[in-house]
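A.B. asks: Next up is a structure, given as structure tokens.
The values are calculated or read from the model by the stated rules, or taken from the named source; none is laboratory data. Given the structure is predicted, the values throughout are model-derived calculations rather than measurements. Please note: Cβ atoms are built from the backbone with ideal geometry, for glycine as well, and neighbour counts cover all protein chains shown.
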Amino acid sequence: MKVVTGVVGNDIHVVANRLIDISLQARGFEVFNLGVNTYLEEFIDAVIETNADVLLISSLNGEAEGWCRELKILKSKYKNLKDVVFMIGGNLAVGEGDASVLVPKFKDYGFDLVFHQTDLNTGLDELQKYLKENKK
Ligand code: B12
């Protein structure tokens, strides 16, 4: 199964991105890592080009909201994205943030799986459970 990953917007925090790449490969995924400083449009282009099953976006500097709120509009432009699983995690707000507010907000932007300040392995376990349940 193919996963496109990277860090969204003007975010240069790279450590988690490297861990995500390694962890996904260890779980048997084929990874296309776009690295840091990646715009939403670039992620969508890569998903289409690689015919990916999952887009896993990481955001650490707290600016995810500004970079991701257009996701629904972009998704509506491309019919072949309807089977793609959209996932985001990291620090989804500046400061502590409240997951009970952030998770529904990012789901409303068009993400299927949202993890605010959640350990990576917990998130990847949830991804695999989601893929199994949705027969991907
Ligand atoms: C190292 C670091 C830097 C380095 C980055 C070097 C590099 N190239 O990577 C430098 C010094 C450059 C830097 C710069 C900045 N930083 Co900085 N940085 C850190 C620091 C100390 C560690 C980050 C790190 O590498 N952690 C190790 C990795 C493994 O952990 P992680 O990133 O937290 O990721 C884990 C989880 O979040 C999760 N995860 C991540 N992505 C995803 C995705 C999914 C789907 C899932 C499930 C899980 C998941 O998995 C990882 C492992 O469990 C943190 C504070 C901290 N202690 O966390 C601040 C921190 C991230 N930085 C912060 C800030 C504000 C900045 C700056 C804006 C500071 C400034 N004013 O210039 C700039 C950002 C510039 C930019 N354009 O992005 C804030 C973010 C605040 C927020 N979100 O509210 C933090 C939290 C510090 C703080 N407490 O204020 N930073």
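A.B. asks: Filter the range 94-114 down to the residues that are within 12 Å of the chain's Cα centre (by Cα) and within 21 Å of Ala16 (Cα to Cα) and list them by number.
C.D. replies: Answer for the range 94-114, where residues must be within 12 Å of the chain's Cα centre (by Cα) and within 21 Å of Ala16 (Cα to Cα): Phe106, Phe111, Asp112, Leu113, Val114.
A.B. asks: For the range 122-136, name all the residues that are polar (S, T, N, Q) and either in contact with a Cys (Cβ under 7 Å, 6 or more places away or on another chain) or at pLDDT below 95 (or both).
C.D. replies: Asn134
A.B. asks: Enumerate the helices (runs of 4 or more DSSP H) found wholly within the range 1-117, keeping only those where 1 or more residues are closer than 22 Å to Leu131 by Cα.
C.D. replies: Here the list reads 15-26, 40-50, 71-77, 99-109.
A.B. asks: Filter the range 25-41 down to the residues that are in contact (Cβ under 8 Å) with a residue 12 or more places away in the chain and away from the ligand (no atom under 14 Å from the Cβ), then identify the one that is surrounded by the fewest Cβ atoms within 10 Å (Cβ to Cβ).
C.D. replies: The extreme case among them is Gly28.
A.B. asks: Among the candidates Gln117, Gln128, single out the residue that is on the phi > 0 side of the Ramachandran plot and more than 13 Å from the chain's Cα centre (by Cα).
C.D. replies: The conditions single out Gln117.
A.B. asks: Residues that are of a type outside the set (Val, Ile, Thr), more than 7 Å from the ligand (Cβ to nearest atom) and in contact (Cβ under 8 Å) with a residue 40 or more places away in the chain: does the range 92-101 have at least one?
C.D. replies: Checked the range 92-101: no residue is of a type outside the set (Val, Ile, Thr), more than 7 Å from the ligand (Cβ to nearest atom) and in contact (Cβ under 8 Å) with a residue 40 or more places away in the chain.
A.B. asks: Among the residues of the range 110-136, write down those that are within 13 Å of Glu65 (Cα to Cα) and surrounded by fewer than 19 Cβ atoms within 10 Å (Cβ to Cβ).
C.D. replies: Selection gives Gly110 alone.
A.B. asks: Does the range 49-85 hold any residues that are surrounded by 13 or more Cβ atoms within 10 Å (Cβ to Cβ), within 14 Å of Val31 (Cα to Cα) and over 11 Å from the mean Cα position of the chain (by Cα), and which are they?
C.D. replies: Thr50, Ala52, Asp53
A.B. asks: Would you please name the residue that is farthest from Val47 (Cα to Cα), looking only at residues in the range 118-136 that are among the hydroxyl-bearing types (Ser, Thr, Tyr) and not in a loop (DSSP other than H, G, I, E, B)?
C.D. replies: Within the range 118-136, the match that is farthest from Val47 (Cα to Cα) is Thr122.
A.B. asks: Residues being within 11 Å of the ligand (Cβ to nearest atom) and either polar (S, T, N, Q) or at positive phi (or both): count how many of those fall in the range 58-91.
C.D. replies: Final tally of qualifying residues: 6.
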